[in-house]
Structure formats: C-alpha cells, structure tokens
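What follows is one structure encoded as structure tokens, with my remarks underneath.
The values are calculated or read from the model by the stated rules, or taken from the named source; none is laboratory data. What you see is a predicted model; the values in this text were computed from it and never measured. Heads up, the Cβs are rebuilt from the backbone with ideal geometry, glycines too, and the neighbour counts pull from every protein chain shown.
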Amino acid sequence: MKEQLNNIKDSAQKELSNIKSIQELEDIRIKFLGKKGELTSVLRGMGALSAEERPVIGQLANEVRAFLENEIENAKMELVRRERSSALEKEVIDVTIPGKRKNLGKRHPLSMVMDEIKNIFIGMGYEIAEGPEIELDYYNFEALNIPQGHPARDTQDTFYINQNMLLRTQTSPVQIRIMEKSQPPIKIICPGRVYRSDAVDATHSPIFHQVEGLVVDKGVTMGDLVGTLEVFAKSIFGENTKIRLRPHHFPFTEPSAEVDVSCWTCGGKGCRVCKNEGWIEILGAGMVHPKVLKICGIDPEVYSGFAFGLGVERTAMGRFNIDDLRHLYENDVRFLKQF
Ligand code: PHE
C-alpha cells in the first residue's frame, strides 16, 4: 500500500509536469483526488490493514494528498502566469506606428455665409425670425398682394402639397407672419430655405436660400434701405463695393428695386464673372406696400417700412469665387475643404 501511494505521487507529479491547460489540470485533480480517484480508492482499502500499519499508512496518505494539492495549486499558478505573459507578448503596442488621422468636417460655405450675414444684421440691431417651409398659399402669395392668377405667380412656380399649401418660394411670407403678430418698431431678418420648380444649372437650383429683411417704424424711408444695403454690401464683399438700385416691380413693395453690387472679381470694369456688366444682382427690395401693411393690421398712414430678399447662394458664390452653384450641393469634401 505504501508503494501504491508512492506510485500515485510519482505518476501525478509526472503528469503535472507536462500539462498545457487548466482543463488538463482539472482532469488530473479528478483522476487522483476526486471521489472516485486513485488516492480515494487506496484509502478505502485501509480497513484491511492491521492496527499498527493503519496510522502509518494514514499519515502517508495525508502527506500524499497535501503534496498533490500543493502541486496542483502550483501548476495552476504557473499556467496562469504563462498565459498572461504570452498574451502580453502578443499584444505588444508599437508606439512608433503612425496614428490614424481623424477626418475632421468643416462648416459648409453656405452656413459660413449665412452666419456672416446674420452677424452683420445682428450688429445693426436686427432680430432673427423664422417661418415654416411648408407654407399656406395665403402667406406666400395672397397676403403679399399676389392674388390667384397674378402673373407674378408664374415666375415663382413651386411644389404644391394641395390647393392651399405649398413649399414657400420666398422668405417674404415671414414678413406677413411677423407683422400679423407684432406692432412696430419691427426689425428682423429671416434666413431660410426656399423652393422653386426650376431646372438645375450653374445658377439655378430647385432648393436655395434667402435672407429676408424687414424694418417697419415711423418715418422709415428709401434712404434707410439704401444705407442699410450699402453697409451690408461693404461688410460682406469689401470696403470698395458699391451698390446700384434698378427700378423693378414686386407686388408687395412700392417702389421696388433690384439691387446690384459692383463685381467682386473686376471691381466694376467688366469681366467674365459679371458678364462684362461690372454689376451683379444679389437681391430684391423696396418699400413695404401700404396694402400689405393694412392686411397685417398696421396703419400705413402712421408707419412705413422697407423689405429686402437676398440670395444666399449668389452671395456665397461671390464671397468665395465659386463659379457653379451645383458645387454647393454635391457635398464633395475636396470642394468643401477649400473654404
Ligand atoms: N421675395 C422676393 C424674391 O424672392 C425678393 C424681395 C423681398 C423683394 C423683399 C422685395 C422685398 O424675388
């Protein structure tokens, strides 16, 4: 029996010396120390021993058990250590490998120009107003003195949701919405998206942006309008910029004008960008029509006002020397990164 015990010790030791995984270790533990293990079955045979032999074998058996438990524990620690160090070796970090560059976005040139325009007018004491892009026919046309069948509707053909609802063709309906709700003094701009059923080309898009301006108070004159637009044009296109008003017709302003700025490329001499005219049209403007004031509940005998509607794409194209409006919508980062 003594011999059996020593054999167990030896063979367990041998097996432990070339184990490779925790699972193998567990198998060995069960094989030698488990309920049906080799050591246990030896102990079961102890009943057959004489009274002198029993304590001797008993002690030896306990020693073998303690020895095996200890060896198994050591083997386990060794396995864990080996696993950890091989993991560390596999995970070496090479700090000299160049990093991955994150592709940073940029503000879109249209948003940049929008912000510049907003800042200029905020600097002159204007507030920012907003209105819906899906608009009622009433606000987009009717209240702006453009009744059903008026020829001005043809030049602003749009997308209709139904008979009364459409995608706004201009930011001017916001003038009505503001004047309906408030009494003068009013001094707002409204930047926003507008829609027209136009075919896409270098200067047209069915979706584009405008900034509407509206000032209503006692004694507001055409001179105030011209002065305001001069300040604006110089701030955005440079100190030497001049403006020019050409008589025009808008149903909701009287008198009305189309406003040009001296060409940002040639300064007025004439070049390809201004089609040799020296001037580029950027907005429509005029004195708010008395009929429109009245519709909104403002007395035209007491108050007067001016309004303007500015094309943001045009302004951005001038500001950044962009020759084709389509670039602004293609979202090609190589293009957008330049500004
Ligand atoms: N809404 C006009 C347009 O889109 C521009 C405009 C605005 C004209 C305000 C006069 C006053 O053409």
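If you go through the range 305-339 and keep only what is part of a strand (DSSP E or B) and either in contact with an Asp or Glu (Cβ under 7 Å, 6 or more places away or on another chain) or of a type in the set (Gly, Ala, Ser) (or both), you end up with Gly305, Phe306, Ala307, Gly309, Gly311. Of all residues in the range 1-23, those satisfying the criterion of being surrounded by fewer than 16 Cβ atoms within 10 Å (Cβ to Cβ) and part of a helix (DSSP H, G or I) are Lys2, Glu3, Asn6, Asn7, Asp10, Ser11, Gln13, Lys14, Ser17, Ile22, Gln23. Within the bounds of the range 154-164, is there any residue that is surrounded by 14 or more Cβ atoms within 10 Å (Cβ to Cβ) and within 14 Å of the ligand (Cβ to nearest atom)? Yes: the range 154-164 contains one or more residues that are surrounded by 14 or more Cβ atoms within 10 Å (Cβ to Cβ) and within 14 Å of the ligand (Cβ to nearest atom). Restricting the search to the range 265-287, which residues are part of a loop (DSSP other than H, G, I, E, B) and either touching a residue at least 24 places away in the same chain (Cβ under 8 Å) or within 16 Å of the ligand (Cβ to nearest atom) (or both)? Answer for the range 265-287, where residues must be part of a loop (DSSP other than H, G, I, E, B) and either touching a residue at least 24 places away in the same chain (Cβ under 8 Å) or within 16 Å of the ligand (Cβ to nearest atom) (or both): Thr265, Gly267, Gly268, Val273.
Pick from Ser111, Ser85, Ser41: which is closer than 23 Å to Phe208 by Cβ and free of Cβ contacts under 8 Å to residues at least 24 places away in the same chain? Write out each step before concluding.
Values: Ser85 fails: closer than 23 Å to Phe208 by Cβ; Ser41 fails: closer than 23 Å to Phe208 by Cβ.
Going through Ser111, Ser85, Ser41 in turn, just one is closer than 23 Å to Phe208 by Cβ and free of Cβ contacts under 8 Å to residues at least 24 places away in the same chain: Ser111.
Scanning the range 249-264 for residues that are assigned to a strand (DSSP E or B) and either more than 16 Å from the ligand (Cβ to nearest atom) or of a type outside the set (Gly, Ala, Ser) (or both) yields His249, Phe250, Thr253, Glu254, Pro255, Glu258, Val259, Asp260, Val261, Ser262.
When the criteria are applied in full, Val216 fails the requirement of being surrounded by 14 or more Cβ atoms within 10 Å (Cβ to Cβ), modelled with pLDDT of 95 or more and not in a strand (DSSP E or B).
When the range 208-248 is examined, which residues are found to be within 15 Å of the ligand (Cβ to nearest atom), in contact with a helix residue (DSSP H, G or I) (Cβ under 9 Å, 6 or more places away or on another chain) and touching a residue at least 60 places away in the same chain (Cβ under 8 Å)? Scanning the range 208-248 gives Phe208, His209, Gln210, Val211, Glu212, Gly213, Leu214, Val215, Val216, Thr228, Phe232. Within the range 288-304, the set of residues being near the ligand (Cβ under 10 Å from one of its atoms) and not hydrophobic (A, V, I, L, M, F, W, C) comprises just one member, His289.
Can you confirm whether Ile72 is outside the structural domain of Ile30 (by TED's automatic domain parsing) and either of a type in the set (A, V, I, L, M, F, W, C) or more than 25 Å from the chain's Cα centre (by Cα) (or both)? Here the answer is no, as Ile72 does not meet what is asked.
On the given criteria, is Phe232 in a strand (DSSP E or B), among the aromatic types (Phe, Trp, Tyr) and surrounded by 15 or more Cβ atoms within 10 Å (Cβ to Cβ)? No; evaluated as a whole, the condition is false for this residue.
The single condition from (1) in contact (Cβ under 8 Å) with a residue 12 or more places away in the chain; (2) within 34 Å of the chain's Cα centre (by Cα); (3) outside any loop (DSSP other than H, G, I, E, B) that Asn119 fails is (1). The set of residues from the range 142-160 being within 36 Å of the chain's Cα centre (by Cα), modelled with pLDDT under 95 and of a type outside the set (Lys, Arg) comprises Thr155, Gln156, Asp157, Thr158, Phe159, Tyr160.
Among the residues of the range 41-72, how many are more than 18 Å from Leu16 (Cβ to Cβ) and either part of a helix (DSSP H, G or I) or among the hydrophobic types (A, V, I, L, M, F, W, C) (or both)?
20
Would you check if Ile176 is modelled with pLDDT of 95 or more, within 16 Å of the ligand (Cβ to nearest atom) and not polar (S, T, N, Q)?
Values: modelled with pLDDT of 95 or more: yes; within 16 Å of the ligand (Cβ to nearest atom): yes; not polar (S, T, N, Q): yes.
For Ile176, the condition - modelled with pLDDT of 95 or more, within 16 Å of the ligand (Cβ to nearest atom) and not polar (S, T, N, Q) - is met.
Residues in the range 295-335 that are farther than 18 Å from Ile280 by Cβ, crowded, with 17+ Cβ neighbours inside 10 Å and within 24 Å of the chain's Cα centre (by Cα): there are none.
Just wondering, is there one or more residues in the range 126-137 that are of a type in the set (A, V, I, L, M), modelled with pLDDT under 95 and within 16 Å of the ligand (Cβ to nearest atom)? Looking for residues that are of a type in the set (A, V, I, L, M), modelled with pLDDT under 95 and within 16 Å of the ligand (Cβ to nearest atom), one finds none in the range 126-137, hence no. Restricting attention to the range 238-258 and to residues that are buried (at least 19 other Cβ atoms within 10 Å of the Cβ) and touching a Lys or Arg at 6+ places or on another chain (Cβ under 7 Å), the residue that is modelled with the highest pLDDT turns out to be Ala257.
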